[in-house]
Each structure stands twice: as structure tokens, then as C-alpha cells.
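Reading through the C-alpha cells given below for one structure.
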Amino acid sequence: MTHEPFDTEAAAYALGALEGEQLARFETHLAEGCARCLAALREAGDMAVVLAADAAPAVPPTAVREALLRRVAAEASPARRQAESARWWTSWATAAAAAVLVAALGGLFVQGRYEPRLAALGRETAALKEELERQARALGQRQADAAIAQMLRDPATRVLTLRGAGPIPTAEARLLWQQEAGGWLVVTNLPPAGAGNAYELWTISGGRPTPAGVFNVDASGRATHRVEPVAQAVDVFAVTVEPEAGVAAPTGPIVLASR
Ligand SMILES: [Zn+2]
């Protein structure tokens, strides 16, 4: 016989929900001094066992055995027998309560066994994800560099300068721009936007700002941001500080602006 059934019975026992033959079998098993079941009962907060085990922590502890035997006697008392023969719903209710506790304890067992492995797996996955993201950034930067080089060779490309405005006067950016093809914004000397924030680019046509994407700078204050083409001729390009998800209309201070 495997130990498996005792794992769940220990939980039910702690709740006083074991009955009849099952109860007798489990208490016989406990009285033999099973360390695993004692540990499970301790987990479940069975005070009799906790106190006894604390008094004599060596295994097999006589004190524990005595405590259990006292409990066997108490459980087998006439009052208990009467309770056992009570209306059917009493045992149904205790069984239901036991099922809840068994489920909770089952969770604890699974946690104890698998948590270290899951944690290790989680660390490996996080490291792998980080490396993939680093590679993706490097690839994205190479693709951006190639696209920028191509735009620079194209005589149709306009090169606009955005100057630091308001709170960050040292910031600077170049915008390689073609009305029909869009372009690239290359930013330097811009400090990080701060936790929960990002920079948002706006194309302003006829006094109306239209969102042109959010970006963040790297540790050295640089950013390369792809700008999609727009239908209307753009009068001004501007960058504001906004919540990182971006907003539909500018709310934060302008930190970069063309003209
Ligand atoms: Zn056991």
C-alpha cells in the first residue's frame, strides 16, 4: 500500500472529519509514528500534535504517540459514536469541509514539491527572454540604421532639426522625413522620461496635433523612432512627456520641437 491515501486523510483528520474505519486505520498509522503525516498535521495546525511534538521533537516521539492515543480514546467516546450516527447531512457537511481542506493542503504539497523547480524554470525563462529582447533590440537598431542610411542617400528626404524646448534645452533631434514614406526621428541628449512615462511625438498640421508614436531613450539619452507617413503636410513636429501608453492629445510639456 502506498502512502498516498494517508496524505489526504491527514488533512481530513486535522479537521476531525475522518469517520469509522477510515479514522481507525489512519490513527493506527499515526500511532506507528509516521513523520510525514505528523508533519502534515503540524501544517494543518493540529494543536495536540504541535504541542506534543514541541515537547519531544525526536522521532518517533513518545509524547506524540501518547497525545494521539489520547485523541483516539476521545474520538472513540460514546459522544463521538453518537455524533457519527447523527443525521446524514452531518457527515455530508464534514466531508464537504474536509474536501475543501484537502484541496488546500494538496496545494501546499504541490507547492512544497514543485515550487523550487518552478522558480528555477522561471529564472531560466526570464534570462532567455531578456537575451531574446536584447537581440531583438540589436536587430531593430540595425534595421533602423539601414533604413536611415537609405533615406540619407535619397535626395527627396528632408532633414529637420528639433531643438530642446522648455525643461530640457540640451536635447536635440534630427528628423529624416518624406511626406509619403514617413521617416525616422533620431534623438540625442534626452534624459529618461521617468517611471510610467514616455515621450510622444506629434505631427502638427494646421494647428492640430496628431499622435505619431511613443518612444523612450536608452541609458545614454538616445532614441531612434520610426514615424509613419501622414496625409496632411506637417507644419511642426513636437515631442511631449506623456504616460507611457501614450495619449490622443498632448498633455505634458514640450521637450523637443521643429522650427
Ligand atoms: Zn503517514
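Which value in nm describes the separation of the simple spin-label points at ARG174 and ARG123, placed 7 Å from the Cα toward the beta carbon?
The modelled label-to-label distance comes out at 4.5 nm.
If a paramagnetic tag sat 7 Å from the Cα of ALA249 along the Cα-Cβ line, which residues of region 197-230 would have the backbone N under 13 Å from that point?
Backbone N within reach: 208-211.
Can you give me the distance in nm between label points at ARG163 and GLN232, each placed 7 Å from the Cα along the Cα-to-Cβ direction?
Distance between label points: 2.5 nm.
What is the local net charge at LEU160, summed over the other residues whose Cβ is closer than 14 Å to its Cβ (Lys, Arg +1; Asp, Glu -1)? Walk me through the intermediate numbers first.
Values: positive: ARG158, ARG163, ARG174, ARG259; negative: GLU172, ASP235.
In short, +2.
Report the calculated FRET efficiency for ALA136 and SER205 (r = Cβ-Cβ distance, R0 = 51 Å), to the nearest 0.05. Let's see the in-between values first.
Numbers: r = 33 Å, r/R0 = 0.65.
Once rounded, the FRET efficiency stands at 0.95.
Describe numerically, in nm with one decimal, the distance between label points set 7 Å from Cα along Cα→Cβ at ALA156 and at ARG259.
Modelled inter-label distance: 2.4 nm.
Just to confirm a number: summing +1 for Lys and Arg and -1 for Asp and Glu over residues other than ILE148 whose beta-carbon lies under 15 angstrom from that of ILE148, what do you get?
Details: positive: ARG142, ARG153, ARG158, ARG174, ARG222, ARG226; negative: ASP145, ASP154.
Net charge around ILE148: +4.
Before anything else, pin down the relative contact order of region 160-259: Cα pairs under 8 Å, at least 6 apart, normalised by residue count, whole percent. Intermediate results must be reported in sequence, preceding the final value.
Numbers: 257 pairs, mean separation 33.5, N = 100.
Taking the mean separation of contacting Cα pairs over the length of region 160-259, I get 33 percent.
Values in this text are rule-based calculations from the coordinates and carry no lab data. The model shown is predicted, which means the values in this text are computed figures rather than measured ones. Using ideal geometry, Cβ is built from the backbone for each residue, glycine included, and neighbour counts are taken over all protein chains shown.
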